[in-house]
Amino acid sequence: MTFRKYPGDLLLLGLFLLPVVIAAPALPWGSQGWLYSLAELAGVFALSAFLLAGILSARIPGIDPWFGGLVRLWVVHRWLGFSAFMLVMAHVLLLALATLPMSVGASVATLFPPLIHREVWLGWAAFLTMLVFIAPTLGFFGTLHYQRWKRLHLLSAPALLLALVHTLMLSTTAWVWWLLSALALAAIAWRKLLSPWLARKPYVVDGMDKLARDVVELRLRPKGKGIRWQAGQFVYLTPMDASLAAGYREEHPYTIASGSGDDELRIGIKAVGDATRALLDIKPGAEVRIEGPYGIFFDSPALAAKGADGPDPRRKQLWLAGGIGITPFVSGARDRIEAGETHRPDASLLYLANRPERAYYLDELIRIAEACDGFAVHTHYMNEHGVITRDYLAERCPDFAEREIYMCGPPGMINHLQTLLRHEGVPGHRIHTEAFDFL
Ligand SMILES: Cc1cc2nc3c(=O)[nH]c(=O)nc-3n(C[C@H](O)[C@H](O)[C@H](O)COP(=O)(O)OP(=O)(O)OC[C@H]3O[C@@H](n4cnc5c(N)ncnc54)[C@H](O)[C@@H]3O)c2cc1C
């Protein structure tokens, strides 16, 4: 991921550094040795990162674009969680090293004091709880089924609580921890208790179009006031139909495939697991809940105006889609024809699929390209053409290296194309990607 700046970054940095700025001067610099203070500082950084990761799990619709979109927030959340874990290990190690010059016994006693020192044992309990929920995220013990991983991740709440009590029992600067904890608590309460009632809007399945044996497009109609969105954004969809074989009341992210002016919400779904497979059988009239929209895959002029690093709106575009990763581009193409605008930058879509039957929406996309100036569609079939090369790309889009490039598809495709484009001198800030497995 290329680093870009967004208006919310300063707030995140401020929240992360606040405890350090407040707590660092109160540390016993010099009196107990530098190593000891560094150990304490690592602990402060660790809790700060952990609390911020908790705050970032809030997922409030409409807020995420200020931070570069929900996918970027999840990446930051993951990095904060990982950093917190590493910093806790540094905290423990530095504490041991700080007392080692006295004796090995002193070092052991610092880490494992008599049980009366509850604050230290609470710290250990926090660390062990953290270890349990973070291990699968880091890929230890293989990959866990997503829903099981999500349930295990709930252990982050007690881990956070234990770490907080451990710190409050030792800290002289409590207010800053209370402040961050209140924000983290509010985030968790919103996410787990309030958002299912306040953020999810009821929709009804109006109909369904079969795009392939295992791919459908759902047409959804709002029961009351629906959501508004921009092309390329995504929603969380929660089926409320108890008769489904799987996925009842389970939220999953899907890109919106309708144009932004459409009254219906259309969502293209490929069956890859139990919840998506069950949706192939959902019946018209069934209720689903929609939460969102999230993300900023395409340009965001409002954000650019606020100083965010964004794509150049005057530059021509190249859209690279793989398989079901076509959905944001379907939305973009439908947007063009619905809006009937002529002043959008030219866009060339190159659709990568294994074989023609796997190029969903292709007929419609070709029809849109025939009707819209400045929009072209090309295909690349892996079974026929092999792995995509620079020459194949240059034949269809000779000025590809000069364009803003948007990619969505499986991680393998994105990695391959990213390497190819970087090799051709396309700067990272002009490549915009979305993979469908951000966790
Ligand atoms: C931003 C984004 C946009 C997406 N857009 C589309 C789309 O337009 N069309 C489409 O068919 N698919 C899309 N997906 C992928 C879709 O969310 C998964 O295929 C679906 O959640 C799989 O659920 P499952 O139970 O059928 O399969 P499982 O076998 O349970 O999961 C397969 C993989 O999907 C991911 N996944 C599963 N559940 C979730 C969840 N609740 N939240 C996040 N990731 C999850 C995990 O990486 C998991 O390994 C999108 C994903 C993301 C992140």
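The values are calculated or read from the model by the stated rules, or taken from the named source; none is laboratory data. All values reported here derive from a predicted model rather than from experimental measurement. Backbone-built Cβ (ideal geometry, glycine too); neighbour counts: all protein chains shown. For the accessible areas, the whole protein counts, side chains as well, though only heavy atoms, and no ligand, DNA or RNA atoms are used. Shrake-Rupley method; radii C 1.70, N 1.55, O 1.52, S 1.80 Å.
Filter the stretch 284-297 down to the residues that are of a type in the set (Gly, Ala, Ser) and within 15 Å of the ligand (Cβ to nearest atom) and list them by number. Outline the logic, then answer.
Kept after step one, since they are of a type in the set (Gly, Ala, Ser), are these residues of the stretch 284-297: 285-286, 292, 295.
GLY292, GLY295 - these are the residues of the stretch 284-297 that are of a type in the set (Gly, Ala, Ser) and within 15 Å of the ligand (Cβ to nearest atom).
Does GLU402 satisfy being in contact (Cβ under 8 Å) with a residue 24 or more places away in the chain and open to solvent by 70 Å² or more (accessible area, probe 1.4 Å)? Spell out how you get there, then give the answer.
Details: in contact (Cβ under 8 Å) with a residue 24 or more places away in the chain: yes; open to solvent by 70 Å² or more (accessible area, probe 1.4 Å): yes.
So GLU402 fits the description; yes.
Would you list the helices (runs of 4 or more DSSP H) that sit entirely within the stretch 144-245 and hold 3 or more residues that are of a type in the set (A, V, I, L, M, F, W, C) and either under 24 Å from GLY68 (Cα atoms) or in contact with a helix residue (DSSP H, G or I) (Cβ under 6 Å, 6 or more places away or on another chain) (or both)?
Output list reads 156-170, 174-189.
Pull out all pairs, ordered by first then second residue, where Cβ-Cβ is under 7 Å, the residues are six or more apart or on different chains, the first lies in the stretch 247-272 and is at positive phi, and the second is more than 7 Å from the ligand (Cβ to nearest atom).
These pairs meet every condition: GLY247/PRO239; GLY247/ALA278; GLY247/LEU279; ARG249/THR238; ARG249/MET240.
Please count how many residues of the stretch 265-283 are of a type outside the set (Lys, Arg) and either under 12 Å from THR255 (Cα atoms) or more than 6 Å from the ligand (Cβ to nearest atom) (or both). Break it down stepwise before answering.
Keep residues of the stretch 265-283 that are of a type outside the set (Lys, Arg), which gives 265, 267-269, 271-276, 278-282.
This time we only want the ones that are either under 12 Å from THR255 (Cα atoms) or more than 6 Å from the ligand (Cβ to nearest atom) (or both), so: 265, 267-269, 271, 278-282.
Residues that pass the stated criteria total 10.
Sort out which residues of the stretch 240-264 are among the acidic types (Asp, Glu), more than 12 Å from the ligand (Cβ to nearest atom) and surrounded by fewer than 18 Cβ atoms within 10 Å (Cβ to Cβ), and write them in order of number.
Filtering the stretch 240-264 for residues among the acidic types (Asp, Glu) gives 241, 250-251, 262-264.
Next, from what is left, pick out any that are more than 12 Å from the ligand (Cβ to nearest atom): 241, 262-264.
Residues satisfying the conditions are ASP262, ASP263, GLU264.
With ALA46, ALA53, ALA96, ALA84 as the choices, which residue is surrounded by fewer than 22 Cβ atoms within 10 Å (Cβ to Cβ) and either away from the ligand (no atom under 16 Å from the Cβ) or over 18 Å from LEU155 (Cα atoms) (or both)?
Working: ALA46 fails: surrounded by fewer than 22 Cβ atoms within 10 Å (Cβ to Cβ); ALA53 fails: surrounded by fewer than 22 Cβ atoms within 10 Å (Cβ to Cβ); ALA84 fails: surrounded by fewer than 22 Cβ atoms within 10 Å (Cβ to Cβ).
After ruling out the rest, the residue left standing is ALA96.
State whether one or more residues within the stretch 406-417 are open to solvent by less than 10 Å² (accessible area, probe 1.4 Å), assigned to a helix (DSSP H, G or I), at pLDDT 95 or above and away from the ligand (no atom under 14 Å from the Cβ).
Yes, the conditions are met somewhere in the stretch 406-417.
Any residue that is within 16 Å of the ligand (Cβ to nearest atom), over 20 Å from the mean Cα position of the chain (by Cα) and in the same structural domain as LEU47 (by TED's automatic domain parsing) - is there at least one of those in the stretch 121-143?
Kept after step one, since they are within 16 Å of the ligand (Cβ to nearest atom), are these residues of the stretch 121-143: 136-139, 141-143.
Right, trim to over 20 Å from the mean Cα position of the chain (by Cα) and you get 141-142.
Filter once more, so that each one left must be in the same structural domain as LEU47 (by TED's automatic domain parsing): 141-142.
Scanning the stretch 121-143 turns up at least one residue that is within 16 Å of the ligand (Cβ to nearest atom), over 20 Å from the mean Cα position of the chain (by Cα) and in the same structural domain as LEU47 (by TED's automatic domain parsing).
Any residue at all in the stretch 13-30 that's within 16 Å of the ligand (Cβ to nearest atom) and either outside any helix (DSSP H, G or I) or not assigned by TED's automatic domain parsing to the domain that holds ARG289 (or both)? Before you say what the answer is, go through the steps one by one.
Of the stretch 13-30, the ones within 16 Å of the ligand (Cβ to nearest atom) are none.
No, that holds for no residue.
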